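Everything below concerns the one structure shown next.
The values are calculated or read from the model by the stated rules, or taken from the named source; none is laboratory data. If you're wondering where the values come from, they're calculated on a predicted model, not measured in any experiment. Cβ atoms come from the backbone with ideal geometry, glycine included; neighbour counts cover every protein chain shown. Heads up: the accessible areas ignore ligands, DNA and RNA and are worked out on the full protein's heavy atoms, side chains in. Shrake-Rupley method; radii C 1.70, N 1.55, O 1.52, S 1.80 Å.
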Amino acid sequence: MESTESARRGLEPEAHVLVVEDDGEMRHLIARLLQENGFRVTGARDGREMWETLDHAPVDLVLLDVMLPGRSGMDLCREIRARRGPALPVIMLTARAEETDRVLGLELGADDYIPKPFGRRELVARIRAALRRAQAPRPGEGAAPAHRRLLGFAGWTLDTGRRELTSPTGAVVDLSGGEYDLLLAFVEHPQRVLSRDQLLELARNRLADPFDRSVDVQVSRLRRKVEPDEASPTIIKTVRGAGYLFVPKVEPR
């Protein structure tokens, strides 16, 4: 359901923000803040995890920390522009506030540059501003298309605009908020083993309690709705000692 705040500001519902930040506490704090303000958030710790998400899920904006293990945020910004062009907004986030760093980040193609510490309202406002710029029609073009994806798997169709799941027979299947978030996390990360902690972060954007088994309950409920035979699952498989695997290939429709 579109958030009241997003509707009031004319933004597309559930814009997907990818937060690339190696500090786990900071990553989760940012994710919670953005989720509270109507965004869908995926976290990544480094360039490898960033590209795993970008290669498998549509992302509307990348919030990219400069100081990362391995390739720096500057290097990753350059890669995004080389591989994705200028359409995907990138905001750099860093504790380094020197003017030369800001200029370099912008020259590499970043849309904005926010030094730490930052205000909560300022961060949300800058993300919204970057999304508005990206969504604005270019000269000679019509209005930007509505933010809606149809994702197909094993005969099923997930409509992210309506938050609606349709079965292979054409029947609409009711999903709770938690079931929808969990299914979307699986669909955006297909054919990858996801641990319980990863699923909790992807679907609920919070720090996982090591004894929290709620994800197992949600998986069980979701299986009852999408599996032909819940006793022998073929869509969501359990990988003993590791987590869960979403087996089907996912394709846009």
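Looking at the range 112-130, I want the residues that are in a helix (DSSP H, G or I) and have a partner that is at pLDDT below 85 with Cβ atoms under 6 Å, at least 6 apart or on another chain. Which pairs are those?
ARG126/ASP112; ALA130/ASP111; ALA130/ASP112
Taking the residues in the range 103-129 that are modelled with pLDDT of 90 or more and either surrounded by 14 or more Cβ atoms within 10 Å (Cβ to Cβ) or touching a Pro at 6+ places or on another chain (Cβ under 6 Å) (or both) as candidates, determine which candidate is nearest to GLU79 (Cα to Cα).
Out of the qualifying residues, it is ILE127.
Can you confirm whether the range 133-154 contains a residue that is modelled with pLDDT under 90, in a helix (DSSP H, G or I), more than 17 Å from LEU54 (Cα to Cα) and open to solvent by less than 30 Å² (accessible area, probe 1.4 Å)?
No.
Is it the case that some residue within the range 30-39 is open to solvent by 10 Å² or more (accessible area, probe 1.4 Å), modelled with pLDDT under 95 and either at positive phi or more than 15 Å from the chain's Cα centre (by Cα) (or both)?
The answer is yes, given that some residue of the range 30-39 is open to solvent by 10 Å² or more (accessible area, probe 1.4 Å), modelled with pLDDT under 95 and either at positive phi or more than 15 Å from the chain's Cα centre (by Cα) (or both).
Taking into account only those residues within the range 208-253 that are touching a Leu at 6+ places or on another chain (Cβ under 8 Å), surrounded by 16 or more Cβ atoms within 10 Å (Cβ to Cβ) and assigned to a loop (DSSP other than H, G, I, E, B), which is modelled with the highest pLDDT?
In this case the residue turns out to be VAL250.
Can you tell me how many residues in the range 155-166 are in contact (Cβ under 8 Å) with a residue 24 or more places away in the chain and assigned to a loop (DSSP other than H, G, I, E, B)?
Residues flagged as in contact (Cβ under 8 Å) with a residue 24 or more places away in the chain and assigned to a loop (DSSP other than H, G, I, E, B) within the range 155-166 amount to 3.
Closer than 24 Å to HIS16 by Cα, modelled with pLDDT under 90, surrounded by fewer than 18 Cβ atoms within 10 Å (Cβ to Cβ) and under 18 Å from the mean Cα position of the chain (by Cα), is that true of ARG162? Break it down into steps so the answer makes sense when it comes.
Working: closer than 24 Å to HIS16 by Cα: yes; modelled with pLDDT under 90: yes; surrounded by fewer than 18 Cβ atoms within 10 Å (Cβ to Cβ): yes; under 18 Å from the mean Cα position of the chain (by Cα): yes.
Criteria met by ARG162.
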